[in-house]
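S.K.: Sharing a structure below in structure tokens format, with a few things to ask.
The values are calculated or read from the model by the stated rules, or taken from the named source; none is laboratory data. In this text the structure is predicted, and so the values were computed from the model without any measurement. Here Cβ is always computed from backbone atoms with ideal geometry, including for glycine, and neighbour counts include all displayed protein chains. Protein only, heavy atoms only, side chains kept; ligands, DNA and RNA dropped before computing areas. Shrake-Rupley method; radii C 1.70, N 1.55, O 1.52, S 1.80 Å.
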Amino acid sequence: MTPKQLSKSQKNFIVIDTEGKYILTELAVIDSDGETIYEAFVADELNSEGRKLNVKSLKEIVEDFANLAKSKLIICHYAEHDIEVLYKSFTKAKVKWPNLKFGCTYEIAKQNFPNLEGYSLEYLSKHFHLQVDEQRFNHNQAHGAKYDALFTHKLYLNMTSATNLVVDKPNPFGTSRVDTPFQQHIDLKLIYQHEFSILTSIITEIKHDSNQQSRGAIVIGEAGNGKTHLMMRLANETLQNNRLLFIRQPNNPKSVLHHIYSRILESFVEIIPDSQYSQLEYLLAKSFSKILINELKKRPKLTKKAETILKSLLDNPLNIYNQLGSENTNQKRKNWQFIEKSTLDWWGRTYGFGGYSIAIVRGLIKFCSYSDLYRRESVKKWLSGNQLEANELAKVNLENWGENISQEEFSLEAISVFGRLSIVDEPLIIVFDQLEGLKYHEQLLLNFGEAIKEIFTHTPNSLIILNLFPDRWQHFKSIFNAAVIDRISQYEVTLAKLTDKQLKQILNLKAQEYDIETLFTPDELHTILAQNSIRGVLNWASHYYRFKFENIPLPQNTKSFEAEIREDLQLIKNDIIQLKRYIGMIEPSVANPPSIQNSISEKPEKYSATPTELQTYFKQQKVNLEREYHKNVIISDFDDIGKVITITGAFKPFRQLEIDQLRLGKKAIPEHIFIKNKSQVIGFLHTSGAGFTARMKNFNQLVINNKNIDFKLFRDARETNITGKIGKEEIEKLNNANNGQFIVMEQQNRVSFELIYKTVLDIQNKDVEINLATAMNGLQNFMENHWLIKCM
């Protein structure tokens, strides 16, 4: 079928492209025939090219778009980003978000062409030799809404009309992994319903506990057996009332609590289903409203202003965001000053004025009071404990934290503030997941246990869940002290292996209109159901589907039972030899024997990825990371150096890396590691303000003192530009040194760095069937020029 032969139903679509990081700056709409039917630029967001035609207010543009998009399929490239920009633009313009249906050329390409090197609009346009007005894609003209929309239109037609791809019926088993509770996947609620009801009953217990004591629950299950999926169900069922906070494993022993707090802030920006507000906005609106209502009701007589605020909040707590005056008006300013004073007075009487808490509450009130997204981003950065540049501080009317702030103490107090605010709302649900990598770092594991104990002690009104493999739970019980174990395991919820009947129910639900008994032969179904986990079952269903419909070969055969037994016996033999060496019963074969922790063999997976599958994994993960790059994240020096420590630690056995740190007396220097046998220092400095300048000066002194060492200092491109004179001079000094570099970590650099880290975590958490040695070789081939690969 050619593009001209599209049916009426197939032509009921438009193609759009948005420009703007948070809010629309321009929008273009192309109809199904490839004609531009709409192009407009936001009046206050013109770029440096100057005045343009079709300049409109943001409200006019989103209203125009809503009318054009009625009953249409809306096609975008990287639709998730366009949806996010449009949603925030509708919210800012105070226009109701319509019921829209989106399609994504990135998703279509990824589904039908899984082995491409990239999925950017530029790459796909060149790969398929697309032309607009007889011109191929030109990078220098890209990132204009109309230009990108026209090429997206060509790409969509090429993939849906000029080929035989089954775009409307993608592989129903293709998405089997739930990465976070905020994703949406098909959910068969009959599965683990009893276990789910236990968790919800604990939340009810906490809510009705007059002492607001937090409780702990361990959810135990093998890899791929539905622990994170169960958290997704919990989010879907409870987010209208409760706030769910999702924390992956920490990576730096020095900043476990700060890592937890940063991930909490990132969870708070997730949008409540069927709402235009985030979790944080819901928590603050409900808690601050109840505090204010209770305070105002106690007063014998109210001013007119207080009466207006009381009536508005009694009607709906969310009115705190939209009925207290327009942006930058005196009315809004006075109303929020009143709210701030009343709330801080209540906090002081209830919890005291000491510590960081009162400043954190004031910052949260500032966050609520601003509707401007850029100011909110600055406040959120401040709330994470980071310093701001002078121009940012002036915009949000806050003062920087002290240079010597204890990030761990600050983070614990901030987490406690959210727990205390939840007492006047609903219990918090705090989920810790993907913790398998902790077994490789004993000090990190011990510090994690202490952090959990501190959270239980200081954070009320919370259900704290740890998702763990059975053997990891046994390991935790042998490491943590009894006080920690007793707190986190008040409830144990075990996800047992499902029966074949239950697995078939899941397959039938995923298969949609297909009947699995017809789709698969009895032998194929036997192989699918024989896998050890739900994820394994769905993965093999996907393999067979792709084999049948897309002619993609099945993975290599698994080992025979006899071969597995022989392999297991050899591993046991190797372990005995290593243990004897460790206790000195026989001579070690190397001068420095490995630690017992790293010497014990681990049984390899039955199936290990081929080089081609490994490259496919890298490409898919890279695309996912590129798509997530612009999401709201808390960037931390401690977190990034922790990632480097995790990566180098994982590959240390294959590369013999010697890791250390440098010091400059007691002076503060950027977080870094020193790879001794490579004479290489890698550091990160994402903070701003005076803290940046002081650490830069000290880092430059290290560079001068160690002329035989190569120094690289990274700063993420998404962080605020350094504007201070002295800070800029120190950057220049570092770049002028023969052995120093100040590197702004742009998107491609960041994505590659995160890909290396994610590969290590996925292997440790058994989310992919790859061993570390194979992964290291694969990464060298995939990104041989990346600075971290070169270091290793």
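S.K.: If contacts are Cα pairs under 8 angstrom and at least 6 residues apart, what is the relative contact order of the chain in percent?
M.R.: 13
S.K.: Hey, another quick one. Translational D (Stokes-Einstein, µm²/s) of region 172-224 at 37 °C and 0.692 mPa s when Rh comes from the Kirkwood sum over C-alpha pairs?
M.R.: Calculated translational D: 237 µm²/s.
S.K.: Dividing the convex hull volume of the alpha carbon atoms of region 301-379 by its residue count, what do you get in Å³ per residue?
M.R.: For region 301-379, the hull spanned by Cα atoms encloses 100 Å³ per residue.
S.K.: Okay, next question. Taking Rh as the Kirkwood radius computed over C-alpha pairs, what is the Stokes-Einstein D of region 105-249 at 20 °C in a medium of viscosity 1.002 mPa s, expressed in µm² per second?
M.R.: Answer from the Stokes-Einstein relation: 111 µm²/s.
S.K.: Hey, for a label at Asn322 modelled as a point 7 Å past Cα toward Cβ, could you say which residues of region 374-399 have their backbone N under 19 Å away?
M.R.: Backbone N within reach: 374, 376.
S.K.: Shifting gears a bit: Can you compute the charge dipole magnitude of the chain about its Cα centre, using +1 on each Lys and Arg Cβ and -1 on each Asp and Glu Cβ, nothing else charged? Give it in debye, rounded to the nearest 20.
M.R.: Charge dipole of the chain: 1820 debye, to the nearest 20.
S.K.: What is the ratio of the Cα radius of gyration of the chain to 2.2 N^0.38 Å, with N the residue count, to two decimals?
M.R.: Cα Rg divided by the expected 2.2 N^0.38 Å: 1.00.
S.K.: Calculate the all-directions average of the projected area of region 367-419's alpha-carbon convex hull, and give it in nm².
M.R.: Seen from a random direction, the Cα hull of region 367-419 projects 3.9 nm² on average.
S.K.: State, to one decimal in nm, how far the label point of Gln701 lies from the label point of Arg136, with both points 7 Å from Cα in the Cβ direction.
M.R.: 5.5
S.K.: Based on the mean of other Cβ atoms within 10 Å per residue, sort peptides 638-650, 31-43 so the most packed one is first.
M.R.: Output ranking for 638-650, 31-43: 638-650, 31-43.
S.K.: As a test of understanding, state the convex hull volume per residue of region 49-164 from its alpha carbons, in Å³.
M.R.: Given the Cα convex hull of region 49-164, per-residue volume reads 133 Å³.
S.K.: Let me ask something else. Which percent of the accessible heavy-atom area of the chain goes to carbon and sulfur, probe 1.4 angstrom?
M.R.: 48
S.K.: Can you work out the PRE-style zone for His185? Point 7 Å along Cα to Cβ, and I want the residues of region 103-141 with backbone N under 20 Å.
M.R.: Residues passing the 20 Å test: 107-108, 110-112.
S.K.: Summing Lys, Arg as +1 and Asp, Glu as -1, what charge do residues with Cβ under 13 Å from the Cβ of Glu454 carry, Glu454 excluded?
M.R.: With Lys, Arg at +1 and Asp, Glu at -1, the net is -2.
S.K.: Still on this structure, I have one more. Compute the separation of the alpha-carbon centres of region 715-736 and region 262-284 and state it in Å as a whole number.
M.R.: For region 715-736 versus region 262-284, the Cα centre distance is 33 Å.
S.K.: May I pose another question? Taking the inverse of the average 1/r across all pairs of different Cα atoms in region 635-792, what Kirkwood radius in Å do you get?
M.R.: Hydrodynamic radius (Kirkwood, Cα pairs) of region 635-792 is 16.4 Å.
S.K.: Of Gly778, Ile789, Tyr757, which is farthest towards the positive pole of region 753-792's charge dipole, taken about the Cα centre with +1 and -1 on the beta-carbons of Lys, Arg and Asp, Glu respectively?
M.R.: Projecting each Cα onto the dipole axis, the largest value belongs to Ile789.
S.K.: Oh, and also: Tell me the Kirkwood radius of region 460-533: reciprocal of the mean inverse pair distance over distinct alpha-carbon atoms, in Å.
M.R.: Value: 15.8 Å, from the Cα pair sum.
S.K.: Consider just the alpha-carbon atoms of region 201-288 and return their Rg together with their Dmax, both in angstrom.
M.R.: 14.7, 41
S.K.: Follow-up question, since we're still on this one. Given a Förster radius of 35 Å and the C-beta distance between Glu442 and Glu205 as r, what FRET efficiency does 1/(1 + (r/R0)^6) yield to the nearest 0.05?
M.R.: 0.55
S.K.: In debye, nearest 20: dipole of region 322-363 around its Cα centre with unit charges on the Cβ of K, R (+) and D, E (-)?
M.R.: With only Lys, Arg, Asp and Glu charged at Cβ, the dipole is about 80 debye.
S.K.: Arg362: accessible area at probe 1.4 Å, nearest 10 Å²?
M.R.: Number for this one is 90 Å².
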